[in-house]
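Have a look at the structure below before the remarks.
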Amino acid sequence: MNHQKRNPLVPALVALALIAFLAVSLLKHQQRIDAALSRYATPKNAPAAAPAAGANGPTAAQRAIVNQRTAASRAALAEFRARLADRLANENARPNEATLAFKTDDAYRRFLDRADAAGLTIISRSDKLLSARVRANSNSLDALVDDIAANADDLAEVGANYTATAPFVPPLDPRTTAGQVPVRDNLLAAIGIAPNADTATWGNGVTVAVIDTGILADATFGANADRVRALDIGHGLAPGSGADDAHGTSVASIIAGALADAPGIAPDANLLSIRVTDDTGVSDMFTIASAIIAAVDNGAQIINISLGGYGGGVVLSRAIDYAMQNGAVVVAAAGNDQSTQLVWPAADPRVVSVGATDAAQQLMLFSNAGWQLQITAPGYAIQAAWTDGQRAPFTGTSASTPVISGAIAAYMSQNPGLSAQDAWAALQARADDAGAQGRDPEYGAGVVDLGWALDTDPARVDMAIAGHTYDATANTVDILVQNRGAMGMAGATLNVNAGGEQSSYALPWLAPGASTTIKIPVTPDANGQMLLRTTLIPPDGVPADKVPANNTRASVITLPGN
């Protein structure tokens, strides 16, 4: 399902709030006027005579003012109704629904007490979120408007219930993926784990919630039935039978699969499956927010959401608050629209938002970007569990997101007593820099490198050529070098062969984790291309490089239009 690449949430909420405030203010003022006028009401069937001079009744001028204010209040209320109806008709939201978030528990309880008498239908509610999801069709909209107008001071937000789905992966064009490397069953190697690593206990003692389509039974989850637990919050326990209902199973296998043909990163982790999609494969932000609360209350330290949509709100924000306050980490997919805007809940800056790369740390073009992006991970053709015990290539930020969830779980289990939030901070601090130097909107902090994060050797040496990036503005290639070792490093040399021309550069002092960029001019051949080969030479006297494979890199730089 394609999504609109826009999020009118903030301006629409502000406009709606202003209209609501105006309507309620005028209504309250009108109520005071009506009460005052009732003292001068003309008896039934009595002639309508103007008050005598000197009487205490309102003058014609006063009545004219009252009439003007009455018309203004009615106009404001009508405009509020029209704005609300338009907002609730958003194509990215569930039709005929509204979400109400209340300021206090008392305000929320008063609403629950009066809702039925007010003609309102509550579809679902969350006591911890002080929120309700209500029907707002043509028959109930007037009742909703009346209740909002009469109780505006109780409300923190009146919002649409935005939909969320598994991010749609556009057809992969061979022309744009020709140089990209599928992950297949090499997921652990793609995140820096050695082939002989013993990962059997990774994830032990950690619970990861998979808020998705549900998890199917599969051999990769092992014979221990207690390792996968399902929780029903309204959509049942088991996945549906639709074409995309194995989505949650693929996500779960990347987190905690234990077989070589569907390998997970934390194969000893516990999984909490919470189905949030309906029979059409669609979820919504109210349901996802409720699932976050349920996940935390049932012991999840990591909450994986490989779903997204273009709209958030107070209800979702409160759920993320609840997770953070209880030490959990929410990990969510950035989206696959090749947009400069992330989908929600990944768009929330407190969420670990994840973009997608291939097995060689090259960005997948469909992966959404933005300054709120936190990190990237492999998400191209990962071999994962599917229906009926099958294995299938899984692509998208839906696939890269569980890589991060699994990595956090693995890191926690290898560092007992560490919180999920501290484990995430450690992974972020040791991410492989990529793209532009430092944090950038396409890669966030970089590409996850669990091998580096888990390496506690104080003498680790790993100088890496992190990337070759063409800068069209300067017509240069930026060669990114990062120190992924445990010690500061000086005296390394970068040898460059650019289109057959040799040059060498002395690299500056680099603290552990730090990067530097060497810019070289582009000298393309007749086809508008330049072959670039770079090699790092460590200084004399240092221990052997831990990952010598990243000391060299070759790229074909193609100028735009060629």
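The values are calculated or read from the model by the stated rules, or taken from the named source; none is laboratory data. Note that the coordinates shown come from a computational prediction; the quantities given were computed from them, not determined experimentally. Using ideal geometry, Cβ is built from the backbone for each residue, glycine included, and neighbour counts are taken over all protein chains shown.
Counting only helices (runs of 4 or more DSSP H) wholly contained in region 372-478, the ones carrying 2 or more residues that are without any contact (Cβ under 8 Å) to a residue 24 or more places away in the chain occupy 420-429. Within region 510-562, being assigned to a strand (DSSP E or B), of a type in the set (D, E, K, R) and either touching a residue at least 40 places away in the same chain (Cβ under 8 Å) or under 20 Å from GLY451 (Cβ atoms) (or both) holds for LYS519, ARG553.
The residues in region 85-113 that are surrounded by fewer than 13 Cβ atoms within 10 Å (Cβ to Cβ), in contact (Cβ under 8 Å) with a residue 12 or more places away in the chain and either of a type in the set (D, E, K, R) or assigned to a helix (DSSP H, G or I) (or both) can be counted, and the count is 2.
The single condition among (1) within 30 Å of GLU91 (Cα to Cα); (2) over 23 Å from the mean Cα position of the chain (by Cα); (3) touching a residue at least 40 places away in the same chain (Cβ under 8 Å) that THR201 does not meet is (1). ALA132 satisfies every condition listed in (1) in a strand (DSSP E or B); (2) within 22 Å of THR280 (Cα to Cα) except (2). When ILE274 is tested against the conditions (1) β-branched (Val, Ile, Thr); (2) closer than 17 Å to TRP386 by Cα; (3) in a strand (DSSP E or B), the lone failure is (2).
Would you check if there is a residue in region 324-331 being part of a helix (DSSP H, G or I), surrounded by fewer than 24 Cβ atoms within 10 Å (Cβ to Cβ) and not charged (D, E, K, R)? Yes. Across region 248-271, the qualifying residues are those that are part of a strand (DSSP E or B), among the hydrophobic types (A, V, I, L, M, F, W, C) and farther than 19 Å from GLY299 by Cβ, and the one among them that is farthest from the chain's Cα centre (by Cα) is LEU259.
Put simply, of GLY491, GLY485 the only residue that is outside the structural domain of GLN374 (by TED's automatic domain parsing), part of a loop (DSSP other than H, G, I, E, B), more than 30 Å from the chain's Cα centre (by Cα) and more than 30 Å from SER353 (Cβ to Cβ) is GLY491.
Restricted to region 532-559, and to residues there that are surrounded by 14 or more Cβ atoms within 10 Å (Cβ to Cβ) and of a type in the set (A, V, I, L, M, F, W, C), the residue that is farthest from ASP457 (Cα to Cα) is LEU559. In summary, ALA429 fulfils each of the numbered conditions (1) more than 15 Å from ILE254 (Cα to Cα); (2) surrounded by 24 or more Cβ atoms within 10 Å (Cβ to Cβ) with the single exception of condition (2).
Cβ-Cβ contacts under 6 Å between residues 6 or more apart (or on different chains), taken from a first residue in region 272-298 that is of a type in the set (Phe, Trp, Tyr) to a second residue that is not in a helix (DSSP H, G or I), are listed as PHE286/THR99; PHE286/ARG133; PHE286/ASN161.
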